[in-house]
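First comes the structure, then the notes that go with it.
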Amino acid sequence: MIIAGNFKTNHTRSSVLTYCKDLDFLLQNGQQNEKVYVFPPSSSLPYGDFAHFRIGVQNAYPTSNGAFTGEIGLEQIRELRISTLMIGHSERRRILGESDALCKMKFDFFAQQGMSIFFCIGEDQQVREKGGIEEFLQGQLKGIDLSYSSLIVAYEPIWAIGTGVSAKLEEIEQVCTMLKAFGCPKVIYGGSVNAGNAGEIMALKGVDGVLVGGACLDLKHFFKIIRAGTCTLDSAKNQG
Ligand code: PGA
């Protein structure tokens, strides 16, 4: 299972460091079946050398360096020994106006550098009500090389992000299975995941993990979600 925590614009340099050291300690005795990722804000990125989880960046500009005020590029990421990047989170698309074309440009550039990529997609309430979720998501994936082996597609319906209301289990399963059939190698779900619902979401067909926002900010809570991933694997093994 893939369990990723997106801090968004939360935590400071010092609280990220404490969080990461504590998380590494908590994970040292765990089974290493789960792949854990943490995405702190750019100003608080630690070196990506933790033994039991990976650090990712929430955003970067498709360049090694140059005149792109406010952005970071490959040089800054590599210096921190980080090799994971998130692209196209709905908050960047919606609030900062990132287009499908820019997201694709980022994907092409960073995939060429061999980075692990969390590529976020998801429909808003309007699309959901009107229908055509499948076409909408396919549109967001247009031009993305789904055969790239370090690609993780994060399905995050916008109406479920930060609302406390996650999508229904059948909806999650249906869309994630569809994305798998469409060719996405790994698919995770995000949108109001918490310690209470993470286990049942991760047990769904087509779901390879979760992307967690609000509920990852408190390490105790995030660790419970990680444990839920491990339990999901244990029970699948016992049944099979
Ligand atoms: P949420 O955010 O868990 O707070 O809904 C998820 C995300 O935006 O990745």
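What follows is calculated from the coordinates using simple rules that are stated; it is not laboratory data. Remember, predicted model here, so these are calculated numbers, not experimental data. Ideal geometry is used to build each Cβ from the backbone, glycine not excepted, and the neighbour counts take in all protein chains shown.
Kirkwood radius, segment 1-151, all distinct C-alpha pairs, inverse of mean reciprocal distance: 16.5 Å.
Loop-resident trypsin sites (Lys or Arg not before Pro) (DSSP state other than H, G, I, E or B) in segment 64-105 with no more than 11 further Cβ atoms inside 10 Å of their Cβ: 81. Charges on Cβ only, +1 for Lys and Arg, -1 for Asp and Glu, centred on the Cα centroid of segment 1-143; of 63, 99, 87, which one is farthest towards the dipole's positive end? Of the options given, the answer is 63. Taking amide H atoms as placed 1.01 Å from N in the peptide plane, the amide H of residue 35 lies under 5 Å from those of 2, 3, each 5 or more residues away in sequence or on another chain.
Each stretch of four or more DSSP H residues adds -39500 (n - 2.57); spread over every residue of the chain, this sum gives -11500 deg cm²/dmol at 222 nm.
In debye to the nearest 20, how big a dipole does segment 154-240 give about its Cα centre with +1 on each Lys and Arg Cβ and -1 on each Asp and Glu Cβ? Mind dumping the intermediate values first?
Numbers: 8 positive and 8 negative charges, 44 e Å.
Charge dipole, segment 154-240, about its Cα centre: 220 debye, nearest 20.
Legend: ranking of residues 127, 187 from fewest to most surrounding C-beta atoms inside 10 Å; resulting order 127, 187. Here the Karplus relation 6.51 cos²θ - 1.76 cosθ + 1.60, evaluated at θ = phi - 60°, turns the backbone of segment 177-190 into coupling constants of 5, 4, 5, 5, 5, 6, x, 5, x, 9, 10, 10, 10, x Hz, with x for every Gly and Pro. Rank 230, 166, 132 by how far each Cα sits towards the positive end of the charge dipole of the chain (+1 on Lys, Arg Cβ; -1 on Asp, Glu Cβ) and give me just the farthest. Final value for the positive-end residue is 230.
Work out the FRET efficiency for residue 146 and residue 13 from their Cβ-Cβ distance, taking R0 = 51 Å, and round it to the nearest 0.05. The partial results should precede the final answer.
Working: r = 36 Å, r/R0 = 0.70.
The calculated FRET efficiency here is 0.90.
Just checking the listed ones, 186, 21, 224: in the Gaussian network model of the chain with Cα springs under 10 Å, the one fluctuating most is 21.
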